[in-house]
1. Give the average, rounded to an integer, of partner chain Cβ atoms located within 10 angstrom of each Cβ in A:341-350.
2. So what's the net charge close to B:Ile89: Lys and Arg +1, Asp and Glu -1, counting the other residues with Cβ under 12 Å from its Cβ?
3. With θ taken as phi - 60° and the coefficients 6.51, -1.76 and 1.60, list the Karplus ³J(HN,Hα) couplings across the range B:360-369 in order, rounded to whole Hz; mark glycine and proline as x.
4. For the range B:123-188 and the range B:225-249, what is the separation of their C-alpha centers, rounded to whole Å?
5. Based on Cβ point charges of +1 for Lys and Arg and -1 for Asp and Glu, what charge dipole magnitude is obtained for the range A:19-194 about its Cα centre, in debye rounded to the nearest 20?
6. When only C-alpha pairs under 8 Å and at least 6 residues apart count, what is the relative contact order of the range B:139-276, in percent?
7. Specify the residue with the greatest mean-square fluctuation among B:Ser188, B:Ser216, B:Ser118, computed from a Gaussian network of chain B linking alpha-carbon atoms under 10 Å apart.
8. Set the Förster distance to 45 Å, then compute FRET efficiency between B:Lys63 and B:Lys171 from the Cβ-Cβ distance, nearest 0.05.
There are 2 protein chains.
Amino acid sequence: MENRFKRLQSEFQVSYRYEVFFTKHLFALENLVLRNFFGLQEQKGSKKKVLVVVDDGILLHQKHFRESIQSYFESNVTSVQLVKNILTIPGGENSKNKNEFWELVSSGISEYGIDRHSYVMAIGGGAFLDMVGFATAVSHRGIRLLRVPTTVLSQNDSGVGVKNSINYFGKKNFLGTFAPPIAVFNDSSFLISLDDRDWRSGIAEAVKVSLIKEESFFRWIELNVNSLVNRNIDVMEQLVFDCARLHMEHIRSGDPFEFGSSRPLDFGHWFAHKLEYLSNFSIRHGEAVAVGIALDSIYSFLCGDLKESEYLRILRLLLGLGFTLNFPILLEKGKENLEIALEEFREHLGGKLTLLMLDEIGKPKEVYSMDISILMSAFDTLVNFR
Amino acid sequence: MENRFKRLQSEFQVSYRYEVFFTKHLFALENLVLRNFFGLQEQKGSKKKVLVVVDDGILLHQKHFRESIQSYFESNVTSVQLVKNILTIPGGENSKNKNEFWELVSSGISEYGIDRHSYVMAIGGGAFLDMVGFATAVSHRGIRLLRVPTTVLSQNDSGVGVKNSINYFGKKNFLGTFAPPIAVFNDSSFLISLDDRDWRSGIAEAVKVSLIKEESFFRWIELNVNSLVNRNIDVMEQLVFDCARLHMEHIRSGDPFEFGSSRPLDFGHWFAHKLEYLSNFSIRHGEAVAVGIALDSIYSFLCGDLKESEYLRILRLLLGLGFTLNFPILLEKGKENLEIALEEFREHLGGKLTLLMLDEIGKPKEVYSMDISILMSAFDTLVNFR
């Protein structure tokens with residue numbers, strides 16, 4: 001009987017560490033980044049395996065990509081053993097929609113005997129990395145993941161973060177885990193073959209993070225608009241580096257696995273998610289984020305927080321970068337979906353609604369509700385902005 | 001170009017904390033354990049939900065179990081909102097074999113709007129808790145899990161641990177995550193209706209943990225053999241408490257998410273897994289663990305580490321508790337599967353083989369290989385033991 005109200009308590013910390021390498025031509029024989037990385041990982045007594053999984057979109061631009069990976073490992077890497085069969089799986093959002101894709105990764109892990117001390121190397125865009133990351137995180141309760149993001153958006157944002165996901169029950173990112181990678185390899189040579197929309201789309205996250213983290217980075221983007229529009233790769237490398245740096249600083253110093261209510265990196269995202277959905281994902285994530293940033297900046301101005309000159313700078317920068325702020329679907333269905341979008345975002349986060357708005361460029365503030373009539377005005381200003 | 005070898009590093013800790021409550025008749029109206037727990041969890045500004053998922057085996061013994069849960073919440077709990085529809089799902093190993101079962105939990109989470117700050121309460125045996133835990137850990141990247149284990153084995157071992165899993169590609173526990181619960185409620189009244197095999201089976205983990213952690217607990221079990229065989233519930237409560245305590249101490253002080261090679265709680269398990277499989281799971285986990293413990297104790301003796309008197313105490317205790325050490329399938333297929341079992345265990349753990357053997361009762365030692373001829377002799381001693 002004396003057991004009736006006995007209790008035990010457990011409390012512990014789990015440590016995570018990962019590195020993000022910035023390089024060019026990761027699989028060129030003279031590039032030693034991967035060789036050195038694996039050299040440091042070597043452990044006596046057992047040879048680890050590496051299963052490589054490639055987004056098939058890459059093969060459109062680099063027909064012999066798999067062969068170059070095989071040559072690299074053959075020539076440069078003795079400390080781990082490459083699984084001969086390099087898996088190729090379709091990328092893009094659709095790779096997150098069906099079990100068959102993540103199951104291909106997990107069945108590769110099963111079939112080739114990839115254990116918890118071996119590696120899966122995922123090479124592809126953000127959605128593809130989400131999907132491979134999910135399969136990798138749940139197989140054997142977590143295989144070591146190496147990410148090689150191939151788009152601006154994945155190199156500066158999701159690819160250096162700690163999440164993975166697939167879509168389920170028709171809901172975006174319904175299944176997923178928090179699972180940091182072991183390392184990320186950002187290879188800028190992949191960015192050269194991106195189409196203009198993907199090149200531009202990734203810049204939205206850099207604008208976002210500059211607005212909530214670092215005014216000097218915002219000014220740097222303003223100064224480099226033309227170079228970015230003209231696809232200067234050196235400038236893009238710098239943008240990716242600084243955006244990744246701020247993103248990682250935020251994760252490290254905050255609540256990495258989001259146990260609390262706030263998700264302060266999601267500035268401009270509550271409406272972006274809805275807009276992507278309304279467009280049936282024909283509007284890309286970064287394009288929708290640009291609209292979301294614009295809307296929340298106008299709202300911050302109309303609430304009396306952000307100066308007029310500053311919200312105008314933000315909108316002009318977005319237009320200067322080539323973003324569209326008045327998509328037809330936005331004009332047609334945007335306004336009636338504002339409140340719905342807000343509620344869906346609250347549900348997705350869980351807990352009470354917590355959003356970021358701007359006091360100044362580089363200085364965010366948390367808010368816990370939005371004034372719907374001010375929001376409607378902000379929307380009108382947005383779609384009529386020239 | 002100067003970016004070529006730039007790199008960033010991220011390093012952070014994630015903190016976990018959970019409590020295990022020991023009680024009787026958790027849903028009796030006068031039992032305040034759950035009421036007090038939810039009272040402390042209350043957060044201003046939002047009312048959390050609780051989705052309860054019940055192992056249908058419980059309804060065989062308690063026909064009105066769901067109604068008593070509903071009454072309890074109605075009368076006692078104002079700080080959270082119970083989802084009216086209590087889900088009932090088959091328990092046992094089969095609940096981990098098909099997508100349809102974990103999907104029932106996840107679709108409940110989706111349908112009833114359970115967010116990351118709301119709760120899933122899983123009530124059932126170990127396999128059932130593994131399955132619900134998996135669904136809960138991957139939905140919205142992790143819903144808060146409350147476990148109510150209903151068997152000896154789940155109350156003293158898996159239910160107070162940090163893992164979940166389902167079977168996939170025909171492999172046991174192939175998919176899963178490390179995800180500590182928020183709280184565990186060990187209600188001894190569930191143990192009364194267990195059949196003798198399940199009652200006994202759970203005791204094997206207590207013998208195991210005593211052998212590798214605490215000699216005084218081993219002696220306590222020896223002293224209480226008759227009470228345990230005669231199903232004295234007070235003695236069983238004490239056994240469950242001490243086994244859970246040692247298990248949790250181990251997780252907390254070791255490598256909770258098993259990033260390293262060793263898994264020092266797995267004493268006696270390398271062969272137990274194979275034996276379960278060979279018997280097509282007609283031999284229960286604890287019954288197989290008892291055989292595994294016996295085998296490794298004899299091996300430790302034959303290696304010159306464990307004294308003869310000590311290995312004899314261990315085998316006599318297991319027989320005294322009613323465990324069988326010479327199953328027909330063991331005689332028929334055991335010996336030829338020893339080496340295979342060892343290799344499969346290494347693969348499952350990943351990295352190099354790491355096993356525990358015994359120097360003394362309560363004093364384990366790590367070994368990194370086994371001598372096959374000594375192992376064969378140990379097997380012969382085992383199956384001929386009287």
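Every number in this text was worked out from the coordinates using simple rules, so none of it is lab data. The shown structure was predicted, so the numbers you read here are calculated from the model rather than taken from an experiment. Note that each Cβ is placed from the backbone with ideal geometry, even for glycine, and that neighbours are counted across all protein chains shown.
1. Values: counts 0, 0, 0, 0, 0, 2, 5, 3, 4, 13.
What the average comes to for A:341-350 is 3.
2. -2
3. Residue by residue, the range B:360-369 yields 9, 5, x, 10, x, 9, 7, 10, 10, 6 Hz.
4. 21 Å
5. 380 debye
6. Values: 143 pairs, mean separation 37.1, N = 138.
For the range B:139-276, the relative contact order is 27 percent.
7. Among B:Ser188, B:Ser216, B:Ser118, the largest mean-square fluctuation in the Gaussian network model of chain B belongs to B:Ser216.
8. Details: r = 36 Å, r/R0 = 0.81.
Step by step, r from the Cβ atoms, then E = 0.80.
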